[in-house]
Amino acid sequence: VNAFYENDWEASKRSFELALNYEPSYATAHLWYAWALTIQGKFDEAKHHIQLARNLDPLSNIILASDGWIASLSGSYGRANNLLSSAIELNPDFPRSHLWLAYNYWVTEEFDSALYHLEQAVFLSKRHPQYLSSLGFLYGITQQPEKAAEINEEISGKSQDRFVSNYD
């Protein structure tokens with residue numbers, strides 16, 4: 001709550017450190033701490049905690065994907081590509097790995113690869129609004145406004161039946 005809803009970084013640091021002091025082998029706490037550190041731009045510390053998480057739970061899909069995502073956000077695009085591609089090899093059906101690999105590709109302006117992985121993510125997520133919105137955004141930045149509008153309409157339609165965040 002302190003990190004992701006209140007943006008109270010000092011309180012979140014104390015909370016994560018307290019939790020990890022009690023249970024240093026809790027991979028998920030290291031993962032969440034790595035995310036909080038990444039948001040703050042503390043990439044070296046984030047890398048340390050995501051590596052601890054990987055060591056504790058080496059087959060976790062979200063931990064493997066997060067390692068690549070943190071690499072991408074820190075500007076290590078080649079490393080991110082390798083990590084996320086490896087995560088996809090281990091579990092090609094985990095949509096988050098495809099989503100974050102697509103983001104990594106679009107930051108490096110490799111739009112065909114980004115489109116491929118976003119389409120995979122949308123399919124694997126059963127057209128979840130979060131994945132659809134990313135696909136719509138990619139269509140928008142690649143000058144495909146008709147496709148972007150179709151995605152927007154699909155997301156709007158989904159919002160009649162279920163919660164769709166304002167972000168999406």
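Which aspartates and glutamates have a Cα lying under 20 Å from the Cα of Lys147, excluding residues fewer than 8 positions away in the same chain? Partners within reach: Glu109, Glu110, Asp112, Glu119, Asp168. Taken per residue, the accessible surface of segment 100-168 reaches 61 Å², heavy atoms only and a 1.4 Å probe.
To the nearest ten degrees, helix 129-141 and the longest principal axis of the Cα atoms of the chain are 60 degrees apart.
Helical runs (DSSP H, four residues minimum) scored at -39500 (n - 2.57) apiece and divided by the length of the chain put the mean residue ellipticity at 222 nm at -23000 deg cm²/dmol.
Relative protection proxy for 103-115, 148-160, 28-40, from highest mean packing down: 28-40, 103-115, 148-160 (other beta-carbon atoms within 10 angstrom).
Separation of segment 1-41 and segment 130-165, taken as the distance between their Cα centroids, equals 32 angstrom. Applying Stokes-Einstein at 4 °C and 1.567 mPa s to the Kirkwood radius of segment 1-77, computed over alpha-carbon pairs, gives a translational diffusion coefficient of 106 µm² s⁻¹.
Lys and Arg at +1, Asp and Glu at -1: add these up for the other residues within a Cβ distance under 9 Å of Ala36 and post the number.
+2
Against the empirical 2.2 N^0.38 Å (N residues), the chain has a Cα radius of gyration ratio of 1.10. Ligands, DNA and RNA aside, Val1 has an accessible area near 120 Å² when probed at 1.4 Å.
Using only the alpha carbons of segment 90-133, what is the convex hull's orientation-averaged projected area in square nanometres?
Here the figure is 2.8 nm², rounded to one decimal.
Counting Lys and Arg as +1 and Asp and Glu as -1 over every other residue whose Cβ lies under 15 Å from the Cβ of Arg79, the net charge comes to 0. Electrostatic bookkeeping for Leu135 treats Lys and Arg as +1 and Asp and Glu as -1; over the other residues with beta carbon under 15 Å from its beta carbon, the sum is -2.
Of the solvent-accessible surface of the chain, computed with a 1.4 Å probe over protein heavy atoms with every protein chain present, carbon and sulfur atoms account for 51 percent. What do you get for the angle between helix 61-73 and the principal long axis of the chain? Use alpha-carbon atoms, 0 to 90 degrees, nearest ten. With rounding to tens, the tilt is 80 degrees.
The values are calculated or read from the model by the stated rules, or taken from the named source; none is laboratory data. The structure presented is a predicted model; accordingly, all values stated were derived computationally and were not measured. In this analysis, Cβ positions are derived from the backbone assuming ideal geometry, glycine residues included, and neighbour counts consider all displayed protein chains. Quick note on the areas: whole protein, heavy atoms, side chains included, nothing else; ligands and nucleic acids left out. Shrake-Rupley method; radii C 1.70, N 1.55, O 1.52, S 1.80 Å.
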